[in-house]
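What follows is a single structure, written as structure tokens, with notes after it.
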Amino acid sequence: MKQTIEAVQQQLDQLRQQIEQFNYQYYVLDAPTVSDAEYDRLFRKLQRVEQDYPQLVTPDSPTQRVGAAPLKSFAQVAHNIPMLSLNNAFEEDEVMAFNRRVCEGLEVQEIEYSVEPKFDGLAVSLRYEKGILKTGATRGDGYTGEDITLNLRTIKAIPLSLSIEAIPELFEVRGEVLMLKADFNRLNQQCLEKGEKAFANPRNAAAGSLRQLDSAITATRRLMFFAYGIAPSEDSKVPRDSHSAILQFLKTLHFPVARECEVVKGCPALLAYYRKMAAQREQLPYDIDGVVYKVNSLVQQDRLGFVARAPRFALAHKFPAQEAITRLLDISVQVGRTGALTPVARLEPVFVGGVTVTNATLHNADEVHRKDVRIGDTVIVRRAGDVIPEIVSVVLAQRPNNTQLFVMPQYCPVCGAKAVRTDGEAISRCTGGLFCPAQRKQSILHFASRRAMDIDGLGEKLVNQLVDNAIVRNPADLYQLGLLALANLERMAEKSAGNILAAIEKSKHTTFARFIYALGIRNVGEATAKDLARHFGSLDRLIESDMDSLLQVPEVGPVVAQSILDFFAEAHNREVIERLRASGVSWEEQTDTINKASKNNDISGKTFVLTGKLPNLTREEAKEKIEMCGGKVTGSVSKKTDYVVIGDDPGSKYEKAVNLGIALLDETGLKKLLQLI
Ligand code: JCF
């Protein structure tokens with residue numbers, strides 16, 4: 001059947017509009033409304049029709065996001081209006097000085113600021129002519145950049161065309177290209193599987209992807225774009241009152257804009273925003289390296305103007321760098337609680353992530369060889385949040401010629417027992433078990449740790465002394481400690497000895513889940529310990545369990561089950577447990593909490609999300625209480641969330657909960673629901 005050209009044109013328009021709408025929902029709103037299969041079906045249909053009617057293909061068709069042949073080099077692009085840089089601040093005083101200068105310059109007491117995260121990506125400009133994306137360029141030196149239009153067109157969050165009614169004939173959007181952490185991890189995983197080199201961080205991966213001369217390669221990398229501004233324009237179609245209005249305008253044009261943008265007043269609010277984002281940083285889906293403060297009023301911005309190449313009305317308040325370069329002095333081997341031998345890099349001290357770092361983990365021997373890390377190398381160290389510092393990569397250009405290779409020892413460096421590496425495992429382990437002082441120390445430290453028995457003050461130095469002097473051999477010995485034995489230790493005053501004994505006494509009252517976790521059974525982490533506690537309810541039932549009954553526990557598979565069986569099969573372990581119980585370590589039997597909870601239909605199986613600071617409960621306590629009653633606590637709000645518990649200073653989860661119409665609770669509401677009051 002032959003269609004009229006008008007009918008085909010109409011069909012093409014509709015398909016293109018639908019596909020771009022799906023792109024928008026998926027990439028910008030993060031809320032897809034169709035399946036991948038349905039999307040692919042429409043896309044292939046559009047491709048087929050365009051194949052039959054090549055004269056109807058337009059540059060803004062979704063099929064044209066990758067279309068051209070690889071380039072030989074990038075052309076230069078002059079920025080009509082320069083792309084500025086921002087002045088940086090690291091310290092709070094510098095922020096206060098900035099605010100003071102702004103207040104004085106404008107002769108006002110308090111300023112309204114638009115605040116936003118500072119993306120750790122690559123700045124680009126997008127030039128739309130008559131609504132069509134014509135040129136995309138890197139920032140370059142701010143005056144001239146490189147033409148990377150073909151690569152930017154592959155980013156599905158970037159509109160290829162905009163409604164000409166909404167924008168001026170010449171319209172320039174500025175923002176940052178980056179790779180989401182999840183996409184970065186996936187890409188690196190793929191690289192490793194193919195035996196290729198991994199990227200050091202999402203920024204490098206984004207830069208490497210954006211600098212491809214072949215846009216077909218860029219298209220295989222999932223890049224994201226966030227808009228943070230426009231080139232100044234006199235046109236009445238663009239907002240001319242405030243920066244926040246410009247961001248809102250960009251949102252209505254379907255550009256991605258950071259959800260974390262806010263408008264605040266005064267300097268203390270700037271610093272509060274900085275701290276809030278620093279705390280959220282690890283949870284954000286992308287890397288940020290600070291926050292940006294901008295005077296919100298565009299009239300006030302104009303009055304302040306520029307110094308050199310940076311605006312007086314804006315400031316980048318940066319987080320301490322998470323990566324630094326230093327020298328690797330040696331690689332030693334640490335023995336963990338389960339005997340795992342971990343290579344640890346000894347480093348020339350370096351300030352990174354806000355602290356001085358001297359050690360970094362190298363995970364295992366394969367990792368050392370894959371990264372080709374050698375003793376004497378110059379390395380990039382990364383410390384992100386509270387995560388253990390690690391070696392990102394070697395700076396090969398600075399490798400001296402006398403570096404030494406690392407060899408994993410065949411024997412435990414602490415007890416001398418044979419080290420074995422099971423086929424298919426990356427980890428070598430000491431076979432010395434609890435005869436190995438290192439394993440003994442680590443298992444006692446784990447037992448006492450905050451999320452286990454929570455014995456305050458029982459740290460590494462004290463445990464080393466206790467084990468080395470044969471005062472404590474296993475966790476049960478802790479409950480037999482006397483004041484005298486403790487006070488005789490080096491650097492131990494009577495007062496601190498008393499504090500430790502009190503902390504040990506206090507730890508006797510615990511929960512079943514904490515106790516299971518504290519035992520340090522291989523492959524049994526906090527979550528599994530909770531599952532086991534909930535399922536078995538009593539220690540005797542857990543000890544007497546067999547493979548079949550263990551496999552009944554949700555999330556427990558044969559490997560975990562076998563570890564549990566092995567642990568309780570060991571007479572020594574059962575003896576320690578008996579002595580712990582005899583010393584008075586106890587908990588409320590879970591059976592009755594479970595019964596109470598299962599009667600309480602409001603909670604059992606329900607999903608909770610916590611946001612903000614609660615007046616009396618810590619996050620951990622609230623989580624524990626919810627789980628005791630059979631509820632689940634998750635990290636992000638979705639349609640499946642049943643309750644969102646709101647504290648002071650709640651995050652974006654609060655807004656999301658309101659938008660999705662999810663039940664909100666404050667601390668009192670939560671306690672009532674859990675029948676605690
Ligand atoms: O997120 C960023 N890296 C970022 C950079 C955000 C901004 O609002 C910026 C910027 C660079 C220059 N604003 C300007 C004027």
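Keeping to segment 548-564, report how many residues are outside any loop (DSSP other than H, G, I, E, B) and either surrounded by 16 or more Cβ atoms within 10 Å (Cβ to Cβ) or touching a strand residue (DSSP E or B) at 6+ places or on another chain (Cβ under 8 Å) (or both). Summing the residues that are outside any loop (DSSP other than H, G, I, E, B) and either surrounded by 16 or more Cβ atoms within 10 Å (Cβ to Cβ) or touching a strand residue (DSSP E or B) at 6+ places or on another chain (Cβ under 8 Å) (or both) in segment 548-564 gives 5. Residue check, F515 against (1) at pLDDT 95 or above; (2) surrounded by fewer than 21 Cβ atoms within 10 Å (Cβ to Cβ), all met but one. Which one? F515 satisfies all of (1) at pLDDT 95 or above; (2) surrounded by fewer than 21 Cβ atoms within 10 Å (Cβ to Cβ) except (2).
For segment 513-535, a residue qualifies if it is more than 18 Å from S443 (Cα to Cα) and touching a residue at least 40 places away in the same chain (Cβ under 8 Å), and the qualifying residues are K530, A533, R534.
Residue check: I81 meets all listed conditions (1) of a type in the set (A, V, I, L, M, F, W, C); (2) within 16 Å of the ligand (Cβ to nearest atom); (3) surrounded by fewer than 19 Cβ atoms within 10 Å (Cβ to Cβ); (4) within 34 Å of the chain's Cα centre (by Cα) but one, namely (4).
Does E38 meet the test of being surrounded by 11 or more Cβ atoms within 10 Å (Cβ to Cβ), more than 16 Å from the ligand (Cβ to nearest atom) and acidic (D, E)? Yes: the conditions hold for E38.
Here E494 clears all of (1) loosely packed, with under 12 Cβ neighbours inside 10 Å; (2) touching a residue at least 24 places away in the same chain (Cβ under 8 Å); (3) among the charged types (D, E, K, R) except the condition numbered (2). Taken residue by residue, segment 185-195 has at least one member that is of a type in the set (G, A, S) and more than 16 Å from the ligand (Cβ to nearest atom). Scanning segment 227-273 for residues that are more than 20 Å from Q300 (Cα to Cα), within 16 Å of the ligand (Cβ to nearest atom) and in contact with a Phe, Trp or Tyr (Cβ under 7 Å, 6 or more places away or on another chain) yields A227, P256, V257, A258. Scanning segment 421-434 for residues that are surrounded by 13 or more Cβ atoms within 10 Å (Cβ to Cβ) and either of a type outside the set (S, T, Y) or under 30 Å from A324 (Cα atoms) (or both) turns up R421, I427, S428, R429, C430, G432, G433, L434. Taking first residues from segment 301-314 that are without any contact (Cβ under 8 Å) to a residue 60 or more places away in the chain and partners that are within 10 Å of the ligand (Cβ to nearest atom), the Cβ contacts under 6 Å between residues at least 6 apart in sequence or on separate chains come to Q301/F313.
The residue pairs whose first member lies in segment 104-130 and is over 20 Å from L270 (Cβ atoms), whose second member is aromatic (F, W, Y), and whose beta carbons are closer than 7 Å, counting only pairs six or more residues apart or on different chains, are Y128/F171.
Taking the listed residues A123, A137, the one that is out of contact with any Pro (no Cβ under 7 Å at 6 or more places or on another chain), small (G, A, S) and within 14 Å of the ligand (Cβ to nearest atom) is A123, with no other qualifying. The C-beta contact set for segment 76-100 (first residue of a type in the set (S, T, Y), second residue within 14 Å of the ligand (Cβ to nearest atom) and in a loop (DSSP other than H, G, I, E, B), distance under 8 angstrom, 6+ apart or interchain) comprises S85/G142; S85/R309.
For M179, which of the numbered conditions (1) within 16 Å of the ligand (Cβ to nearest atom); (2) more than 25 Å from the chain's Cα centre (by Cα); (3) surrounded by 22 or more Cβ atoms within 10 Å (Cβ to Cβ) fails to hold? Result: M179 fails condition (2) only. Taking first residues from segment 282-297 that are among the hydroxyl-bearing types (S, T, Y) and partners that are more than 11 Å from the ligand (Cβ to nearest atom), the Cβ contacts under 6 Å between residues at least 6 apart in sequence or on separate chains come to Y286/L180; Y293/Y113; Y293/L270; S297/S242.
Only one of the listed residues (A365, A308) is among the aliphatic types (A, V, I, L, M), away from the ligand (no atom under 16 Å from the Cβ) and modelled with pLDDT under 95. That residue is A365.
Within segment 392-419, being part of a strand (DSSP E or B) and more than 13 Å from V333 (Cβ to Cβ) holds for V392, S393, V394, Q404, K418. Within segment 202-220, residues that are under 11 Å from N151 (Cα atoms) have Cβ atoms under 8 Å from residues that are among the small types (G, A, S) and part of a helix (DSSP H, G or I) in these pairs: I217/S209; T218/S209, counting only partners at least 6 apart in sequence or on another chain.
Screening the candidates L152, L133 for the property of being under 27 Å from N201 (Cα atoms) and either among the aliphatic types (A, V, I, L, M) or free of Cβ contacts under 8 Å to residues at least 40 places away in the same chain (or both) yields one hit, L152.
Within segment 101-118, the set of residues being surrounded by 19 or more Cβ atoms within 10 Å (Cβ to Cβ) and more than 10 Å from the ligand (Cβ to nearest atom) comprises V102, I111, Y113.
Here the condition is being modelled with pLDDT under 90 and either within 30 Å of L362 (Cβ to Cβ) or not charged (D, E, K, R) (or both); of A452, A487, it holds for A487 alone. Within segment 119-168, take every residue that is assigned to a loop (DSSP other than H, G, I, E, B) and among the acidic types (D, E) and give me the one that is surrounded by the fewest Cβ atoms within 10 Å (Cβ to Cβ). Checking each candidate, the answer is E165. A single member of K656, K639 is at pLDDT 85 or above and assigned to a loop (DSSP other than H, G, I, E, B), and it is K639. Only one of the listed residues (V95, V124, V102, V115) is more than 17 Å from A278 (Cα to Cα), at pLDDT 95 or above and out of contact with any Gly (no Cβ under 9 Å at 6 or more places or on another chain). That residue is V102. Within segment 183-201, the residues that satisfy the criterion of being surrounded by 14 or more Cβ atoms within 10 Å (Cβ to Cβ), touching a residue at least 12 places away in the same chain (Cβ under 8 Å) and farther than 21 Å from A157 by Cα are N188, F199, A200, N201.
The values are calculated or read from the model by the stated rules, or taken from the named source; none is laboratory data. The structure presented is a predicted model; accordingly, all values stated were derived computationally and were not measured. Quick reminder, even Gly has a Cβ in these numbers, built from the backbone with ideal geometry, and neighbours come from all protein chains shown.
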